[in-house]
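For reference, the structure discussed in these notes is given below.
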Amino acid sequence: MTKEQKIKEIACQIGFDLVGISQLQPSQYTREVQSWVNKGMHGDMHWYPKNIERRLDPTKHLYNKALSAITVGVLYRPAEIPADVKNDPSRGLIARYALYDDYHNLVAEMLEQMAEKITKEINKDWKFQVYVDTGPVLEREVGSKAGLGFVGKNTTLINTTIGSYFFLAEIICNLPLQADVNQLMTNTQGTCGLCQRCQDNCPTKAFVGPYQLDARRCISYLTIEHKTDIPEELRPLLKNWIYGCDVCQEVCPWNKKAANFISTKLQLKKELIAPRLVELLAMTPEKFAEKFHNSPIKRIKWPRFMRNVLVATGNWGDKESLPYITQHLQSEDEMVVRHAQWAKKRVLK
């Protein structure tokens, strides 16, 4: 058994659903990424341009000695949300990936276990760095080169067997590994062809073209990364999304054809499927911290979460919500107050 085969075997033993190996090289999308940043389409994500040299050339990791990437994936696709629940404006929608415990913690722990086994069984002197959606890595390009899928027009990594509902993570290392796209568990060849459903169905028209996403209009960005007021002209377009958005993945034919299963590593939190907005409006910062203590949602903190809920409440427009909105007019957080004022106007119009 080669060391590459052994690494893949270890990944499967740990519980990863996808694994692939690629040799590191400068990005083929350097011009596109730099243009995207120059146009400001990364919005408030000021961390993105930092360390951009390593982002565009992953060989510069590990003090310019990085040679290979071991990319892994963990599935998270749950059962479909009933249409009557999903389309109920009195309920808030949460992106599928956040219906579980925080994937950062779970996948990081799995990666550390994998690295430990590689150290014991393959090379005790290797140097490596693990990244779970945190480091300066163009992970979809690296994942594509590892044979895990192709980058779609909606900018997600799409696997032709399981779709795009999976977390990506990497081990960047100094081992001279042989790239091998013959995957253990999946077929990865595919293309979007002439399909543009993601662009046609995006509620905020965040796609400025195929493979080009203006984060400043993306619902996922606006409800998670964006730290200040959501632009008023975009608020009605968010409808009842309160954390992230799945539309561009929901309409993707590859996801409709994909097998409907999830990793055994993840347990779906059914209480987070379309919760009632009035129940969320009644949530204090303390209750928020308690409810989402092991959720990716906790990362945006109570003010941003309540901002999102108030926007969805204003879009709902039912007078049932007025007592709850009124409470937030007295909030100590000015951003929450401004969004409560907007929600109240929407309800009373």
Requested in this report: Just name one of 52, 292, 19: the one whose Cα is farthest towards the positive end of the charge dipole of the chain (beta-carbon charges, Lys/Arg +1, Asp/Glu -1).
Outcome: 52
Query raised in the report: Within straight cross-link reach of residue 265, meaning Cα distance under 20 Å, which aspartates and glutamates are found once same-chain residues fewer than 8 apart are removed?
Result: 9, 17, 80, 101, 102, 109, 112, 116, 133, 170
Query raised in the report: If you find the alpha carbon centre of the range 106-130 and of the range 281-302, how far apart are they in angstrom?
Result: 32
Query - the chain, helix-only ellipticity at 222 nm - DSSP H runs n ≥ 4, -39,500 (n - 2.57), divided by all residues, nearest 500 - result: -10000 deg cm²/dmol
Query raised in the report: With charges only on Cβ, +1 for K and R and -1 for D and E, what is the dipole size of the range 121-265 about its Cα centre, in debye, rounded to 20?
Result: 280
Requested in this report: Towards the positive end of the charge dipole of the range 197-348, with charges on Cβ (+1 Lys, Arg; -1 Asp, Glu), say which of 303, 220, 234 has the farthest Cα.
Outcome: 220
Query - Size of charge dipole - the range 197-348 - debye, nearest 20, with Cβ of Lys, Arg +1 and Asp, Glu -1, no other charges - result: 320
Report summary line: Computed for the chain: size of charge dipole around the Cα centre, +1 on C-beta of each Lys and Arg, -1 on C-beta of each Asp and Glu, debye to nearest 20, value 460
**Report entry** Partnerless Cys - the chain, beta-carbon criterion under 4.7 Å
**Finding:** 12, 173, 192, 195, 202, 218, 245, 252
Report summary line: Summed over the other residues with a beta carbon less than 13 angstrom from that of residue 91, with K and R at +1 and D and E at -1, the charge totals -3
Requested in this report: State, as an integer percentage, the relative contact order of the chain based on alpha-carbon contacts under 8 Å between residues 6 or more apart.
Outcome: 22
Query raised in the report: Where the centre of each part is set by its Cα atoms, how far does the range 1-40 sit from the range 209-252, in angstrom?
Result: 26
Query raised in the report: Can you list the residues, at least 5 places off or on another chain, whose amide H is less than 5 Å from the amide H of residue 241, using H built in the peptide plane?
Result: 93
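Just so you know, all these numbers are worked out from the coordinates, no wet-lab data involved. Every value quoted in this text rests on a predicted model; they were computed, and no experiment measured them. All Cβ positions, even for glycine, are placed from backbone atoms using ideal geometry, and neighbour counts span all protein chains on display.
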